[in-house]
Amino acid sequence: MNARPVKISAVGTHVPERVVTNDDLSRTLDTSDEWISSRSGIRERRIAAEGEAASDLGAVAASRALEAAAVRPADLDLIIVASLSPDMLFPSTASFISGKIGADGTPAFDLSAACTGFIYALATGASFVASGQAEKVLVIGAEVVSKMIDWTDRGTAVLFGDGAGAVLLEPAESEDEAIVGFDLGNDPAGVELLNLPAGGSRNPASPETLATGQHFIKMNGSEVFKFATRVIVKSGREVLARHGRRIEDVDLFIPHQANIRIIDAAARKLGVPPERVFSNLERYGNTSCASIPLCLDEAAAAGRIAGGELVLMVGFGAGLTWGSCLARMGELKRIQE
Ligand code: UT7
């Protein structure tokens, strides 16, 4: 239960300029636009430039959210970054971003929960605000997954994309514009299903790990698919039940954007009508921790978050982790293009 209500007051996003279409990928991989779009719903993705890292995208998204909210970087009390493609193992990407946006002195840390990271970070940031430990928390999902991909592995290369999204959390005036609650979970039985095996302390970098491609994302797609459809429904129902809401009360459903078949199956099982489901997967692919804030921004731009909507966000990913956030939205400030 919130000690004081917390709102998501502003959003900012940024994606790399370069667009890579399915046809582009089929020039170097044994795949096709037909396979990728029918099996995943993805048509194109943004890919970062050489030398462009997660903090470069995250800093632009963060600055845009702050500008939209008319909040100075120095006024932030905390910066939390969720990413599975951090600039480095350490220091944190949050530290890099704080330097780039001019928030020197602000506490900043990264949080690791793979693609569910944005929801975990939202829950963490909201707790700081709810408890009165912070007034303004910036939560950022920033990914350059393209640099963790084996571009010869068609099972993963076609799915991911790069991007970043940031939201500002602040105390809310009332429950009418506040986060309702969260459901978070983790199933450690799934650690082998989706991971990046080497470069950490379990399999340190060596000529052998390099030669055997252990520094790239490995995924058992069909098992993750089954987990995802199951857990989105379970977690979505859990957060609704916990807070006495029904699926009919949800105005907008924003699931993590990994595969349109996962989204459609989960929405059907949950009983969310298609017109209440938000998806932009087609244009970005799976941007991991950035997918939900990218959707929030586009939903606000399209007038689908105008104030008063009950929004259900559900993430899932390696761990295997899952997380839901139910939020009554007030005005979601964003920079108008
Ligand atoms: O953020 C969370 C992380 N990830 C996910 O949520 C991913 C979840 N999983 C998925 O989205 C799907 O499982 C995939 C899109 C990865 C794969 O779709 P699928 O319908 O489960 O296909 P599959 O893995 O069962 O493979 C079917 C066939 C196989 O060929 P055979 O054995 O039937 O001859 C694959 O080798 O499709 C083949 N295939 C491809 N063909 C063309 C796999 N990837 C490709 C490809 N292009 N890119």
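The values are calculated or read from the model by the stated rules, or taken from the named source; none is laboratory data. Predicted model only: the values in this text are computed from it and were never measured. Every residue, glycine as well, gets a Cβ built from its backbone with ideal geometry; the counts of neighbours run over all protein chains shown.
Restricting the first member to the range 140-156 and to residues that are more than 19 Å from Leu294 (Cβ to Cβ) and near the ligand (Cβ under 9 Å from one of its atoms), and the second to residues that are part of a loop (DSSP other than H, G, I, E, B) and of a type in the set (Ser, Thr, Tyr), the beta-carbon pairs closer than 9 Å and six or more apart or on different chains are Arg154/Thr31. Against the criterion of being modelled with pLDDT of 95 or more, assigned to a loop (DSSP other than H, G, I, E, B) and more than 22 Å from Phe225 (Cβ to Cβ), Asp150 does not qualify.
Okay, residues lined up against (1) assigned to a loop (DSSP other than H, G, I, E, B); (2) away from the ligand (no atom under 16 Å from the Cβ); (3) surrounded by 15 or more Cβ atoms within 10 Å (Cβ to Cβ):
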residue: Val180; (1), (2), (3): no, yes, yes
residue: Asp183; (1), (2), (3): no, yes, yes
residue: Glu192; (1), (2), (3): yes, no, no
residue: Ala198; (1), (2), (3): yes, yes, yes
residue: Ser201; (1), (2), (3): yes, yes, no
residue: Pro204; (1), (2), (3): yes, yes, no
residue: Glu208; (1), (2), (3): no, yes, no
residue: His215; (1), (2), (3): yes, yes, yes
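Among the numbered criteria (1) of a type in the set (Asp, Glu); (2) outside the structural domain of Ala299 (by TED's automatic domain parsing); (3) in contact with a strand residue (DSSP E or B) (Cβ under 6 Å, 6 or more places away or on another chain), which single criterion is violated by Asp153? Only one criterion is unmet by Asp153, namely (3).
Within the range 2-38, the set of residues being part of a loop (DSSP other than H, G, I, E, B), within 16 Å of the ligand (Cβ to nearest atom) and of a type outside the set (Val, Ile, Thr) comprises Arg27, Leu29, Asp30, Ser32. Return a yes/no flag: does the range 278-299 have any residue that is at positive phi, part of a loop (DSSP other than H, G, I, E, B) and in contact (Cβ under 8 Å) with a residue 40 or more places away in the chain. Yes, there is a match, as at least one residue in the range 278-299 is at positive phi, part of a loop (DSSP other than H, G, I, E, B) and in contact (Cβ under 8 Å) with a residue 40 or more places away in the chain. Does any residue of the range 39-49 turn out to be within 16 Å of the ligand (Cβ to nearest atom) and assigned to a helix (DSSP H, G or I)? The answer is yes; a qualifying residue exists. Of the set (1) within 28 Å of Asp33 (Cβ to Cβ); (2) within 16 Å of the ligand (Cβ to nearest atom); (3) aliphatic (A, V, I, L, M), all apply to Met313 but (1). Within the range 82-113, if we keep just the residues that are in a helix (DSSP H, G or I) and touching a helix residue (DSSP H, G or I) at 6+ places or on another chain (Cβ under 7 Å), the residue that is nearest to Leu193 (Cα to Cα) turns out to be Thr93.
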